[in-house]
Amino acid sequence: MTASITAIILTYNEELHIERCISSLQPYINRIVVVDSGSTDKTLDIARRNGAEIYTNPFTNYAAQFNWGLANCSITTDWVMRIDADEFIDAELGREIETQLPSTAREVSGFVLERRIKFLGRMIRFGGGVSPQRLLKIWRTGKGAIEDRWMDEHTVLSEGATRGLSGLLVDENLKDFTFWVDKHNRYALREVIDHLNSEFHFFEEASLATLSTEAKLKRAAKTSLYRRLPLCYRALAYFVYRYILRFGFLDGKAGFLFHVMQGLWYRLMVDIKIAEARAFIEKNGLEAFKQMLAKDHRLKL
């Protein structure tokens, strides 16, 4: 018996991943929705063939796209699940969804899942904060939404407590390393927008009180500690923290490459782009910066 839950998957050219994602959900979840932003590959054909409902909407950012799905996909199930196309659930988590959700006490409005990343074919088990990571991914219909941010967006609940489910949500992107680099280059600019928001007020941030305990701890560490450290040097400190102090080295070669690239190279790129953005704004003004983002990167603030 499947649970009364709608899983929403955002897609853009995800033909390598979408069948795996849907297939992992189908035995346990009774409605799967794909919100696509203009795929030109076989994503939609594969999704339809595997029983997903298809909606389309132009992409602005992840939060806006997912919240559009919440508002426009006619959700009548008891629960909603957020899952990316390159993620899938294991059988243990599926059984937990199937058995625990129907009997959940009314005061519980959301469930936190453990997500782990597979990088270069190996599960990343150490390093802290990224993999494993506990995220609010399932919530009662009408009780949750995605906070308005350009990166590192979390689910916020309007009310109710959260509980955990056992099992794993696995993030394994099957595209090549060039795609991974290009994706993180795009992510870095979005992180710049979030970082500069406290100075230039691009958007209104959600209150920490609305986030899950896990999200609060991560956000507090990022805003109260990491953000105060000197640009670029903090990336090195973060890498040492993850790779040495949180035992990232125990994941072997894949762990070394993951923490170098995601914990050092990526954080350095964000900091360099922050410095570039501040110099651009100082020279050309805030409106010119917004126009540049819209013209060159299709990011409309």
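The values are calculated or read from the model by the stated rules, or taken from the named source; none is laboratory data. Everything numeric here is computed off the predicted structure, so don't read it as measured data. A quick note on method: Cβ atoms are made from the backbone with ideal geometry, for glycine too, and the neighbour counts reach across all protein chains shown. All accessible areas refer to the heavy atoms of the entire protein, side chains included, with ligands and DNA or RNA removed. Shrake-Rupley method; radii C 1.70, N 1.55, O 1.52, S 1.80 Å.
Brief remarks on what is shown
- Within the stretch 17-140, antiparallel bridges make up roughly 75 percent of the DSSP beta bridges whose residues both belong there.
- Only the Cβ atoms of Lys and Arg (+1) and of Asp and Glu (-1) were treated as charged; on that basis the dipole of the chain about its Cα centre amounts to roughly 740 debye.
- Per-residue 3J(HN,Hα) values for the stretch 154-165, derived from phi via the Karplus relation 6.51 cos²θ - 1.76 cosθ + 1.60 with θ = phi - 60°, read 10, 7, 10, 9, 7, 6, x, 8, 10, 9, x, 10 Hz in sequence order (x marks Gly and Pro).
- Span-rule helices in the chain, defined as complete DSSP H runs reaching 20 Å or more along the axis (Cα) with Kyte mean at least -0.5: 266-284
- For K175 and E205, the difference between the fully extended length at 0.36 nm per residue and the C-alpha to C-alpha distance is 7.6 nm.
- Close amide-amide hydrogen proximity is noted between G144 and S158, each under 5 Å apart and 5 or more residues distant or on a separate chain (H modeled in the peptide plane; Pro and chain starts excluded).
- Amide hydrogen neighbours beyond the local backbone of T11, cut-off 5 Å, H modeled: V35, D36, S37
- For L168, distant residues with modelled amide H under 5 Å away: D90, E92, L93
- Measuring between their Cα centroids, the stretch 251-301 and the stretch 18-57 lie 31 Å from each other.
- Stretch gain in nm, segment T2-F126, where the contour uses 0.36 nm per residue and the Cα spacing is subtracted: 41.3 nm
- Furthest towards positive pole of dipole, T2, A275, F88, structure part the chain, Cβ charges: A275
- Solvent-accessible area per residue for the stretch 1-78 (1.4 angstrom probe, square angstrom): 44
- DSSP bridge analysis restricted to the chain gives an antiparallel fraction near 45%, rounded to the nearest 5.
- Pairwise FRET efficiency - D296 versus V260, Cβ, R0 = 22 Å, nearest 0.05: 0.20
- Per-residue [θ]222 nm for the chain (sum of -39500 (n - 2.57) over DSSP H runs n ≥ 4, rounded to 500): -11500 deg cm²/dmol
- Carbon + sulfur, % of accessible area of the chain - ligands and nucleic acids excluded, 1.4 Å: 54
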